Amino acid sequence: MLEEYNPWWKGKEYIEKDEDFRKWKESKIKWVPRIIEEIGVKPYSLHFVFGPRQVGKTTLLKLLVKRLLEETTPKAIFYFRCDQLADFKELDEIIREYLKIKEAEKIKTSFILLDEVTFPREWYRAIKWHVDMGNFKGDVLVLTGSLSMFAKREIETFPGRRGGGKDFVMYPLSFREFIEIVNKEVLENIGEIKTLRKEEIRKACLKSLPWLDELNKIFESYLRCGGFPLAVKSLLERNEVSTGVIDTYLSWIKGDIAKLRRNESIMKRILKAVIEKVPSTVSFHGIAKEFEIKSHKTVFYYIDTLEKLFLLKILYYIDPNKGIEVFYKQRKMHITDPFLYQVFSFWCFTKKPEDPVMVESIVASHLARRYKVGYWKDKREIDITAFGDEILGIEVKYKKKPKITMLKVGKIKSVITLTKEEFNEEPLAVPVSVFLGCLNV
C-alpha cells in the first residue's frame, strides 16, 4: 500500500510517474509555491502547512519530494495522503508501517509528508504519541491540513514538540504572484515593495509606471478569478471561471463549516450580510437585527469562524493618537479573495459587489498577510491602516479622476491614495495595480 503513494521508492526517476507531479509538469499554467523555499529540512522539525482545499498543498509536497530526491535516498522520503483514514488509530498503523521500513533500510533521517492529516478523527493523538516516544527525533515532518486545523486550535496541542518546525499558511496567489504566471516580463521590470515606508513605495511605483497598461489588464483578470489555482487555470485557459470550479470550492467551504459544527443556514445569512454591507462599518448587533439572527453572540461566533478559515478579514477601528485597536467600535469586514465574492454571492443568492468594493478588500487582505491592519473614521475616513515601521494610511479610490487630498491624523503621518490610473507625487497617489504588483506579500 505504501509503495503506491511513493513510486520513487523504485528509483528517483519514478517521481515522473507520480500522478500529481505529472499533472503539474504537463500543465501549461503552473507555478512553484514560494513556501517551498521556507520549509526547513533540518531535523528535528515538525512543520504544519494549512490552507484552503485546492490551493496547492499536495503539489507543494510533491515538488518538495522532487527536491529532496536530489539530496537523499528515495526510501527516506515518505508521503501519505490521509483523507481515506477514519481516525488516529489508522494513522498510527500507517506511521508504524513506515517506521519498520525506515529501520530495515537503516535510515537515520527521514522526511515524513502527511497530506490532509486533519481528516482522521483526533489525528493529533497519533502524531503526539510518536513524538513523545522519540520515534521522529531524527526526522523532518511536514503535515498539511485544512484551515479547520487552525480554527479548532489543534496545532496548539503540540507545545514544546515542534523542534525547528514552523507554521505556514498557503494563501491564494497574491497579485504579484499572479503577474509572474501571466507575464513574467512585467514582473521582471517592475519595482518591489518590501516595507511600508512611503519613499520606498514611491520609488517602486515610479519604476513600474511604464507598465501601467499591462498591469491594469492583468488586474482586470485577477478581479475575475482571484488567486485560487483552479479558478486561475480556468480563466487563463478558457477565459471564464466555470461553474464547476465554483462548485468545487463551495463544497470545500461547506465541508469545513460542517466540521466546525456551524449551521449552514446561519452561515449563509451572515455571509450575505457581509457581502451587502462591505465596505461599510458594521456591528454584530446590527447584523443580528437586520438579518434576523437570534443573537449578536451567534454573529460573533460565525464571523470568528470565517476569519479563522481565512475567508474573512476583520478591520478594527484604530485610535490614531495611541496607535491601538479599539474593539468596542464598529468593524469593517472584507472577503479575502475576489473569487470568494463570486462563490459566496452565488451561494447566498445576492449580487456580487462592484469592482471598487472588491478592490478595497483585495488591498486589505493582501496587507493583512504581513501586517496588522485596521481603519480610522471620524468626519473623514482612512479605508485601511497598516502597521509597518510606522502606521500607513491607505485610501482606495478605484475610479477615474479621483479626488486626492492630504490627510494626517495622530500617529498616522502618511496616507497614500490608490487609484485606477492616476499617479501623483504629493500627496502620493498610485494606481492600485502598480501598488499591488510591487507589494511582496
Problem set entry | Tilt relative to the chain, helix 355-368 - C-alpha long axis, 0 to 90 degrees, to 10 | 50 degrees
Exercise. Once Cα extents along the principal axes in Å is worked out from the coordinates, which option in [x] 71, 53, 43; [y] 62, 43, 41; [z] 77, 69, 35 does it equal?
Worked result: [x]
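Given contacts defined as C-alpha pairs under 8 Å and at least six residues apart, what's the relative contact order of region 2-169, whole-number percent?
Contact order relative to length: 34 percent.
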Exercise. By DSSP, what percent of the beta bridges with both residues in the chain are antiparallel, rounded to the nearest 5?
Worked result: 40 percent
For this session: Specify the residue with the greatest mean-square fluctuation among 364, 204, 104, computed from a Gaussian network of the chain linking alpha-carbon atoms under 10 Å apart.
Result: 104
For this session: Hey, for a label at residue 240 modelled as a point 7 Å past Cα toward Cβ, could you say which residues of region 213-234 have their backbone N under 15 Å away?
Result: 225, 234
Exercise. What is the order of 130, 47, 296, fewest Cβ neighbours within 10 Å to most?
Worked result: 296, 130, 47
For this session: Would you kindly state how much longer the chain becomes between residue 122 and residue 261 on full extension, computed as 0.36 nm times their sequence separation minus their alpha carbon distance, in nm to one decimal?
Result: 48.5 nm
Exercise. In degrees between 0 and 90, to the nearest 10, how far off the longest principal axis of the chain does helix 88-104 point, with axes built from Cα atoms?
Worked result: 60 degrees
Problem set entry | Potential lengthening between residue 54 and residue 4 on full extension [0.36 nm per residue; Cα-Cα distance subtracted] | 15.8 nm
Problem set entry | Alpha carbon centroid spacing (whole Å) that separates region 50-107 from region 302-356 | 36 Å
Seminar exercise, completed: Going from the fewest other Cβ atoms within 10 Å to the most, one would list 306, 63, 2 as 2, 63, 306
Problem set entry | GNM top mover of 421, 16, 360 - the chain, alpha-carbon springs below 10 Å | 16
Problem set entry | Lysine pairs in region 283-326 with Cα atoms under 26 Å, if 8 or more residues apart or on separate chains | 8
Seminar exercise, completed: residue 422 and residue 372 label points (each 7 Å along its Cα→Cβ direction) are spaced in nm at 3.2 nm
Exercise. Over the Cα atoms of region 175-438, what is the Rg over Rh ratio if Rh follows Kirkwood?
Worked result: 0.97
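Go through region 211-315 and name the GluC sites (Glu not before Pro) that are in a DSSP coil and have 13 or fewer other Cβ atoms within 10 Å of their Cβ.
Values: sites: 214, 220, 237, 240, 264, 276, 290, 292, 307; in loops: 240, 292.
Hits after loop and neighbour filter: 240, 292.
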Exercise. Name the trypsin sites (Lys or Arg not before Pro) in region 91-183 that are in a loop by DSSP and that have at most 15 other C-beta atoms within 10 Å, would you?
Worked result: 106, 108, 137, 153, 161, 166
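Suppose the chain between residue 31 and residue 129 were pulled fully straight at 0.36 nm per residue; how much longer would it get relative to their current alpha carbon spacing?
So the extension gain works out to 31.7 nm.
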For this session: Could you tell me how many degrees, from 0 to 90 and to the nearest 10, lie between the Cα long axis of helix 57-68 and the main elongation axis, the longest principal axis, of the Cα atoms of the chain?
Result: 60 degrees
Exercise. Near the amide H of residue 407, under 5 Å away, which other amide H atoms are found, from residues 5 or more places off or on another chain, if H is placed in the peptide plane?
Worked result: 415
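Each reported figure results from applying straightforward, stated rules to the coordinates on display, with no laboratory input. Treat the numbers as computed from the prediction; the structure is a model and nothing was measured. In this analysis, Cβ positions are derived from the backbone assuming ideal geometry, glycine residues included, and neighbour counts consider all displayed protein chains.
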